[in-house]
Amino acid sequence: MLLSLITACGSTNGSTASGQAASDTAATASNNRQAFDGNAALDLTRQQCEFGPRVPGTPAHAQCADWLMATLKASCDTVIMQTGTVQTATEGPLGIKNIIGVINPEASQRLLLLAHWDTRPWADNDPDAANHRKPVMGANDGASGVGVLLQLAQQLKKEGTALGIDILLVDAEDMGVDDNEESWGLGTQYWTQHPHVSSYKPLFGILLDMVGSANATFTREYYSTQYAGGFVDLVWKNAAGNHFINAQGGAVTDDHIFINRAGIPCVDIIDLRSDSPSGFCPEWHTLGDTMSSIDPATLAQVGQTLLNVIAQLEQ
Ligand SMILES: [Zn+2]
């Protein structure tokens with residue numbers, strides 16, 4: 001993903017930028033579930049990294065796809081591997097694999113949860129230019145969001161839910177180039193043109209991206225507020241813990257843009273930094289995006305927030 005030029009913090013939309021951390025009391029929203037297990041999500045994040053960088057077209061990518069299928073099959077009612085071909089900006093046509101885990105396929109009330117599972121082929125933000133053509137490990141940028149969603153599916157399998165949940169793991173998010181919005185989110189763009197069920201209409205969607213850093217700050221992302229402001233309110237009202245900041249953040253070219261344009265309101269939970277040149281964490285698109293920057297406490301807050309939102313929708 002890429003920070004867009006519309007990065008003015010406190011932008012035009014009238015969201016309440018209180019600057020306060022979301023209330024901790026929301027973290028204990030009444031539900032009968034176990035607390036989200038951040039250590040289990042950490043382990044599922046690590047297991048993806050053990051394949052190596054998951055660059056589309058590589059053996060590590062193919063092996064991780066098989067593992068994601070098997071892992072989701074243990075916790076979802078239906079699992080679909082969607083294959084297709086997309087056009088990249090710089091590498092020609094590319095075969096992709098979107099992986100979809102469906103919980104309660106018959107339920108009419110549905111929530112879409114997504115994260116990208118591919119990793120960027122180029123560490124082009126690395127401080128050492130000699131690394132700019134090397135792939136990133138993507139512990140945070142890729143594996144963290146997927147790790148939270150895999151663990152969430154396992155918890156829902158154990159505890160049950162009346163809600164329909166669709167876990168969409170999209171491919172080829174991170175092969176984009178500057179000044180070309182359509183070069184990002186290629187797997188998501190393919191899915192919006194080929195949804196896994198016809199007339200698919202969830203209540204809304206939540207995208208997780210870079211949700212594992214020890215120093216994460218999840219402010220309200222700009223396009224999410226523009227397209228899906230009421231659902232941003234819902235998520236931040238249910239936010240668990242001090243990494244969620246109830247303030248307007250910058251604008252990011254990410255998978256949620258294409259979901260929103262397809263008519264599904266979608267909120268991006270993404271680590272936005274006001275104190276770094278990229279607008280993201282310092283490890284973003286560098287060789288430093290490894291497991292050493294991932295904190296299970298952050299994963300736990302994000303997973304707990306999803307559980308709180310689900311509990312609210314179940315009422
Ligand atoms: Zn990225």
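Take segment 137-177 and flag every residue that is of a type in the set (Gly, Ala, Ser) and within 16 Å of the ligand (Cβ to nearest atom). Let's see the steps before the verdict.
Within segment 137-177, the first condition is being of a type in the set (Gly, Ala, Ser), and the residues that meet it are 138-139, 142-145, 147, 153, 160, 162, 164, 172, 176.
Passing the criteria: GLY138, ALA139, GLY142, ALA143, SER144, GLY145, GLY147, ALA172, GLY176.
List, please: which pairs have Cβ atoms under 6 Å, are six or more places apart or on different chains, and start with a residue in segment 253-272 that is within 19 Å of GLN193 (Cβ to Cβ) and end with one that is modelled with pLDDT of 95 or more and among the polar types (S, T, N, Q)?
ASP255/THR188; PHE258/THR188; PHE258/GLN189; PHE258/THR192; ALA262/THR192; CYS266/ASN260
When HIS132 is evaluated against the numbered criteria (1) buried (at least 24 other Cβ atoms within 10 Å of the Cβ); (2) more than 20 Å from the chain's Cα centre (by Cα), which criterion, by number, is the only one it fails?
Every listed condition holds for HIS132 apart from (1).
Return the total of residues in segment 127-136 being part of a helix (DSSP H, G or I) and either among the small types (Gly, Ala, Ser) or within 12 Å of the ligand (Cβ to nearest atom) (or both). Steps first, answer last, please.
To start, the set of residues in segment 127-136 that are part of a helix (DSSP H, G or I) comprises 129-131.
Keeping just the survivors that are either among the small types (Gly, Ala, Ser) or within 12 Å of the ligand (Cβ to nearest atom) (or both) gives 129-130.
Total satisfying the criteria: 2.
Condition (residue is surrounded by fewer than 22 Cβ atoms within 10 Å (Cβ to Cβ), hydroxyl-bearing (Ser, Thr, Tyr) and assigned to a helix (DSSP H, G or I)) applied to segment 284-292: is it met by at least one residue?
There is at least one residue in segment 284-292 that is surrounded by fewer than 22 Cβ atoms within 10 Å (Cβ to Cβ), hydroxyl-bearing (Ser, Thr, Tyr) and assigned to a helix (DSSP H, G or I).
For GLY279, which of the numbered conditions (1) touching a strand residue (DSSP E or B) at 6+ places or on another chain (Cβ under 7 Å); (2) at negative phi fails to hold?
(2)
Among the residues of segment 99-125, count how many are among the small types (Gly, Ala, Ser) and either at pLDDT below 95 or out of contact with any Gly (no Cβ under 8 Å at 6 or more places or on another chain) (or both). Outline the logic, then answer.
Initial filter on segment 99-125 (among the small types (Gly, Ala, Ser)): 101, 107-108, 115, 123.
Subset that is either at pLDDT below 95 or out of contact with any Gly (no Cβ under 8 Å at 6 or more places or on another chain) (or both): 101, 123.
Selection size over segment 99-125: 2.
Kindly list, by first and then second residue, each pair from a residue in segment 139-166 that is under 19 Å from ARG110 (Cα atoms) to a residue that is in a helix (DSSP H, G or I) and among the hydroxyl-bearing types (Ser, Thr, Tyr), limited to pairs with Cβ atoms under 6 Å and residues at least 6 apart or on different chains.
LEU150/THR71
If you take the residues in segment 274-293 that are within 14 Å of the ligand (Cβ to nearest atom) and among the charged types (D, E, K, R), which one is nearest to GLY138 (Cα to Cα)?
Within segment 274-293, the match that is nearest to GLY138 (Cα to Cα) is ASP289.
May I ask you to verify whether PHE244 is more than 13 Å from the chain's Cα centre (by Cα), buried (at least 21 other Cβ atoms within 10 Å of the Cβ) and modelled with pLDDT of 95 or more?
Numbers: more than 13 Å from the chain's Cα centre (by Cα): yes; buried (at least 21 other Cβ atoms within 10 Å of the Cβ): yes; modelled with pLDDT of 95 or more: yes.
When the stated conditions are applied, PHE244 passes them.
Which of the following residues is buried (at least 22 other Cβ atoms within 10 Å of the Cβ) and either within 16 Å of the ligand (Cβ to nearest atom) or of a type in the set (Val, Ile, Thr) (or both): ASP124, ASP118?
On the way: ASP124 fails: buried (at least 22 other Cβ atoms within 10 Å of the Cβ).
Of ASP124, ASP118, the one residue that is buried (at least 22 other Cβ atoms within 10 Å of the Cβ) and either within 16 Å of the ligand (Cβ to nearest atom) or of a type in the set (Val, Ile, Thr) (or both) is ASP118.
Go through (1) among the hydroxyl-bearing types (Ser, Thr, Tyr); (2) touching a residue at least 60 places away in the same chain (Cβ under 8 Å); (3) surrounded by fewer than 24 Cβ atoms within 10 Å (Cβ to Cβ) and name the single condition SER276 misses.
Going through the list (1) among the hydroxyl-bearing types (Ser, Thr, Tyr); (2) touching a residue at least 60 places away in the same chain (Cβ under 8 Å); (3) surrounded by fewer than 24 Cβ atoms within 10 Å (Cβ to Cβ), SER276 breaks only (2).
The values are calculated or read from the model by the stated rules, or taken from the named source; none is laboratory data. Source: prediction; values computed, not measured. Methodologically, a virtual Cβ is constructed for each residue, glycine included, from the backbone with ideal geometry; neighbour enumeration extends over all protein chains shown.
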